[in-house]
Structures are given as C-alpha cells and as structure tokens.
Amino acid sequence: MVKVLTGNDRGKEGKILSVQVKKERAIVEGINMVSKHTKPNAKNPKGGIMKQEASVHISNLMVVHNAVASRIGRKTDDNGKLVRYSKKSGEVIK
C-alpha cells in the first residue's frame with residue numbers, strides 16, 4: 001500500500017499494481033485515472049472510452065506500514081541480510 005503525496009489524487013491510498021523500474025514510475029490502483037479511446041476488438045466489441053490507471057512517479061508515493069505513511073530505510077539484520085524498515089516505527093517491513 002502507498003499514499004500519494006502530490007497531484008490531483010493527493011492523500012489517497014492504493015495498492016501498487018506494477019512498477020516500471022527503468023522509468024521510475026508505478027501504477028497504483030484507482031489513482032491517476034485517464035480516459036482511453038479504444039477501437040472495437042475481440043475483448044471489447046463495442047469499443048468506446050475506457051477509464052484506466054496511468055503511471056505516477058515513485059517520488060510522489062510513500063509506503064504505508066501499519067496504517068501509517070512513513071519513510072523507508074535499509075539496514076542489515078542479525079543474519080547480515082539487507083532489510084527495509086519504517087523510519088517512523090523502526091519495524092522491519094516484509
């Protein structure tokens with residue numbers, strides 16, 4: 001889960017559907033909805049205008065952990081593995 005920090009959808013929360021690592025963008029469920037005009041095809045025989053999510057830059061998103069948005073840090077755990085943790089609560093994020 002992430003929280004949107006800026007833009008028209010500021011303050012809304014949603015689940016990440018996909019991440020485009022090279023472009024540093026993410027598609028979040030129900031956020032940044034755009035209208036796309038489609039031709040009739042086998043999947044949608046009528047065609048028309050469809051609503052779908054557009055990508056958002058990852059700098060405009062903040063991870064929500066235990067219902068609280070917080071910054072993320074990285075540290076080594078007892079086994080020497082690098083893990084993510086919430087800077088607000090100090091808990092490890094799985």
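So which of His37, His57 is farther than 20 Å from Thr6 by Cα, modelled with pLDDT of 95 or more and in contact with a strand residue (DSSP E or B) (Cβ under 9 Å, 6 or more places away or on another chain)?
After ruling out the rest, the residue left standing is His37.
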Open item on the list: Restricting to the range 10-64, and then to whatever is part of a strand (DSSP E or B) and charged (D, E, K, R), can you tell me which residue is farthest from Lys88 (Cα to Cα)?
Closed with: Lys36
TODO: Taking Lys88 as meeting all but one of (1) at pLDDT 95 or above; (2) part of a loop (DSSP other than H, G, I, E, B), write down the number of the exception.
DONE: (1)
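Restricting attention to the range 33-52, and to residues there that are small (Gly, Ala, Ser) and open to solvent by 50 Å² or more (accessible area, probe 1.4 Å), which single residue is nearest to the chain's Cα centre (by Cα)?
So the residue we want is Ser35.
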Open item on the list: I need every pair where a residue in the range 42-56 that is within 20 Å of Glu29 (Cβ to Cβ) has its Cβ under 7 Å from the Cβ of a residue that is open to solvent by 70 Å² or more (accessible area, probe 1.4 Å) and in a loop (DSSP other than H, G, I, E, B), sequence separation at least 6 or different chains.
Closed with: Glu53/Glu29
TODO: Would you mention how many residues in the range 54-73 are more than 22 Å from Lys23 (Cα to Cα) and open to solvent by 50 Å² or more (accessible area, probe 1.4 Å)?
DONE: 3
- [ ] Name the single residue, out of those in the range 10-32 being more than 21 Å from Asn66 (Cα to Cα) and not aliphatic (A, V, I, L, M), that is surrounded by the most Cβ atoms within 10 Å (Cβ to Cβ).
- [x] Asn32
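The values are calculated or read from the model by the stated rules, or taken from the named source; none is laboratory data. All of these numbers come straight from a predicted model, not from anything done at the bench. Methodologically, a virtual Cβ is constructed for each residue, glycine included, from the backbone with ideal geometry; neighbour enumeration extends over all protein chains shown. With ligands, DNA and RNA removed, areas are computed over all heavy atoms of the protein, side chains included. Shrake-Rupley method; radii C 1.70, N 1.55, O 1.52, S 1.80 Å.
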